[in-house]
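This report concerns only the one structure given below.
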Amino acid sequence: MVNGEWQSGATLIRPLTIHHSPLTTLLFHRRLVSFDRAMRVVLSATPSEIRRLGRHGVEIRWSDAHRSEYNNHYLRERCPCALCREHPARALPVVGPGSPELYPMQIGVVGRYAISIQWSDGHDSGIYSYRTLRGLCPCSACQPSEPAADGPTP
């Protein structure tokens, strides 16, 4: 640094200074703080209860009182293991027509951050982090629907 300026080879780089009005700074700060709070809630939420819903799905009740219900095929198709992520999307169906029903045979806790699911199709190498599961939550609050291409419907 020379006279308050950074040198990069033969080029002088001046520190960027942005001037905001107090109102702009306050509004930006409020948005940033509210986004930060929302992300902390989502990222810090941990399951308080995990259970199978018969043979059709898995339910997770989160520490922030949110409830997620996942269909078995939905979770299995989104398995985060390297083998499943290696295949191109929709290359092969996970379970084809006439195949046995897909359901979790066993759900285990992995440390303080994830669960593992042993599926009825024999697959058991996927580790679903709590962050991944919360991001996959299919409820309307977590996955708001996209507006129609023609615009909003009155």
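Is there a residue in region 100-115 that is modelled with pLDDT under 85 and loosely packed, with under 12 Cβ neighbours inside 10 Å? Yes, region 100-115 contains at least one residue that is modelled with pLDDT under 85 and loosely packed, with under 12 Cβ neighbours inside 10 Å. Pairing residues of region 106-130 that are over 20 Å from Gly54 (Cα atoms) and basic (Lys, Arg) with residues that are at pLDDT below 95 and not in a strand (DSSP E or B), at Cβ distances under 7 Å and at least 6 apart in sequence or on separate chains, gives no pairs at all. Considering region 133-142 alone, what residues qualify as being surrounded by fewer than 16 Cβ atoms within 10 Å (Cβ to Cβ) and in a helix (DSSP H, G or I)? Across region 133-142, the qualifying residue is only Gly135.
The values are calculated or read from the model by the stated rules, or taken from the named source; none is laboratory data. Everything quoted here is computed from the prediction, not taken from an experiment. For neighbour counting, all protein chains shown are included, and Cβ atoms are generated from backbone atoms with ideal geometry for every residue, glycine included.
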